Amino acid sequence: MHTVYYNSPIGTILLQAEDENLTIVSFRDDVSIIETGTTASPVLLEAIKQLDEYFAGTRKQFDLPLHPAGTAFQQKVWDQLMKIPYAETVTYLHMAKRLGNVKSIRAAASANGKNPIGIIIPCHRVVGADGKLTGYAGGLHRKQWLLEHEAKMAGKKSSLF
């Protein structure tokens, strides 16, 4: 397992890779957990490069080998998240419909919240039925920042206010 910490405009991000696949991208507010002897693999170096481009506004889609750990249903949800276009949002109900069962809305929301590869698998692009921000493992302030950043880079007016 390879681990690096990335300093983003909205906080420290932990990146982990195993067998040349990215497995974790998550915000860390407690950076005292940094272990000595962490090493970067080629996939982590590429992830850092692509995150730099994303935050600079020049990358709209990531191209990295991913291997998020989760159930078959979670994998289906995360696959659907990857289909949400840059600077666009969908509702949890829309996600459930995409999965073929509107009754799976709570399960889809739960799987969305357990996404281990934030930003890259864009769970921040899912909002409540009323268009308001709900739940984000990295904190709602980061979700808002990411959505506003994407809207600005895409030349769109943010619909968050």
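Miscellaneous remarks
- Some residue of the range 86-100 being closer than 22 Å to residue 153 by Cβ and in contact with a Pro (Cβ under 9 Å, 6 or more places away or on another chain): yes
- Considering (1) at pLDDT 95 or above; (2) within 23 Å of residue 151 (Cβ to Cβ); (3) outside any helix (DSSP H, G or I), the lone condition that residue 27 does not fulfil carries the number (1).
- Residue 50 meets all of the listed conditions (1) over 18 Å from residue 126 (Cα atoms); (2) at pLDDT below 95; (3) not aliphatic (A, V, I, L, M) but one, namely (2).
The values are calculated or read from the model by the stated rules, or taken from the named source; none is laboratory data. As the structure is a computational prediction, the values presented were derived from the model and not from experiment. Note: ideal-geometry Cβ built from the backbone for every residue, glycine included; neighbour counts use all protein chains shown.
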